[in-house]
1. Please indicate, with yes or no, whether at least one residue in the range 102-111 is of a type in the set (A, V, I, L, M, F, W, C), touching an Asp or Glu at 6+ places or on another chain (Cβ under 9 Å), surrounded by 13 or more Cβ atoms within 10 Å (Cβ to Cβ) and at negative phi.
2. Could you check the range 89-111 and list, in sequence order, the residues that are closer than 17 Å to L128 by Cα and part of a loop (DSSP other than H, G, I, E, B)?
3. Would you be able to say whether some residue in the range 122-134 is touching a Leu at 6+ places or on another chain (Cβ under 6 Å), of a type outside the set (K, R) and closer than 18 Å to T14 by Cβ?
4. Quick one: T30 ticks every box in (1) assigned to a helix (DSSP H, G or I); (2) crowded, with 17+ Cβ neighbours inside 10 Å; (3) not small (G, A, S) bar one, so which box is it?
5. Going by what's in this entry, would L67 be described as closer than 17 Å to L114 by Cα, touching a residue at least 12 places away in the same chain (Cβ under 8 Å) and either in contact with a helix residue (DSSP H, G or I) (Cβ under 6 Å, 6 or more places away or on another chain) or not in a loop (DSSP other than H, G, I, E, B) (or both)?
6. Considering only the range 1-20, how many residues are at pLDDT 95 or above and more than 17 Å from the chain's Cα centre (by Cα)?
7. Can you tell me which residues in the range 33-49 are modelled with pLDDT of 95 or more, surrounded by 15 or more Cβ atoms within 10 Å (Cβ to Cβ), touching a helix residue (DSSP H, G or I) at 6+ places or on another chain (Cβ under 8 Å) and of a type outside the set (S, T, N, Q)?
8. When the residues of the range 112-151 are narrowed to those that are touching a Gly at 6+ places or on another chain (Cβ under 9 Å) and not in a loop (DSSP other than H, G, I, E, B), which ends up surrounded by the most Cβ atoms within 10 Å (Cβ to Cβ)?
Amino acid sequence: MADNTQNLPELQFTKICANSEFPGWLPRQTIVDFFHNTMKPYEDKPADIEAALDYAFSDSEYAGGFLMVTHRGEQLAGALLMLNSGMGGYIPENILLFVTVNPEMRGQGIGAQLIKRCIAECEGDVKLHVDFDNPAKRLYERLDFKHCYAEMRYKR
């Protein structure tokens, strides 16, 4: 992966693997709101974000994952939620479910740094879903994510 990010020495990363690991300055609800408000127009419902955090922090054999936040002191710069798929081979071991950067801090390479850091933190392959018209798609391509399949869904 090419490193086109700026050097941001003041950027800190905090990996959270359980509800008890949230820093005092960062309540879980703040993360739910951050994902919901900063991913527009591709945002998920707060209840779905809550469910994803529950899955990530589960100690079930076939669940788990982690939340990585990047911040400057107590100012939230970005967040990424990585889930374990419980599989491997035909379905990658990890699913990059949510990633977002504070809109006031975009264009500084924070998203790329956050994704690279999280890929280094997990074992196995990583997949993500992205809408074709999402501008973040270009970032994922620069980070060597490849198009593998067209997802199709049957909705009830």
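1. Looking through the range 102-111, none of the residues is of a type in the set (A, V, I, L, M, F, W, C), touching an Asp or Glu at 6+ places or on another chain (Cβ under 9 Å), surrounded by 13 or more Cβ atoms within 10 Å (Cβ to Cβ) and at negative phi.
2. G89, Y90, I91, P92, E93
3. no
4. Evaluating T30 over (1) assigned to a helix (DSSP H, G or I); (2) crowded, with 17+ Cβ neighbours inside 10 Å; (3) not small (G, A, S) leaves (2) as the failure.
5. Spelling it out, L67 is indeed closer than 17 Å to L114 by Cα, touching a residue at least 12 places away in the same chain (Cβ under 8 Å) and either in contact with a helix residue (DSSP H, G or I) (Cβ under 6 Å, 6 or more places away or on another chain) or not in a loop (DSSP other than H, G, I, E, B) (or both).
6. Result for the range 1-20: 1.
7. Those that are modelled with pLDDT of 95 or more, surrounded by 15 or more Cβ atoms within 10 Å (Cβ to Cβ), touching a helix residue (DSSP H, G or I) at 6+ places or on another chain (Cβ under 8 Å) and of a type outside the set (S, T, N, Q): F35, H36, I49.
8. L114
The values are calculated or read from the model by the stated rules, or taken from the named source; none is laboratory data. If you're wondering where the values come from, they're calculated on a predicted model, not measured in any experiment. Don't worry about glycine lacking a Cβ; one is built from the backbone with ideal geometry, like all the others, and counts go over all protein chains shown.
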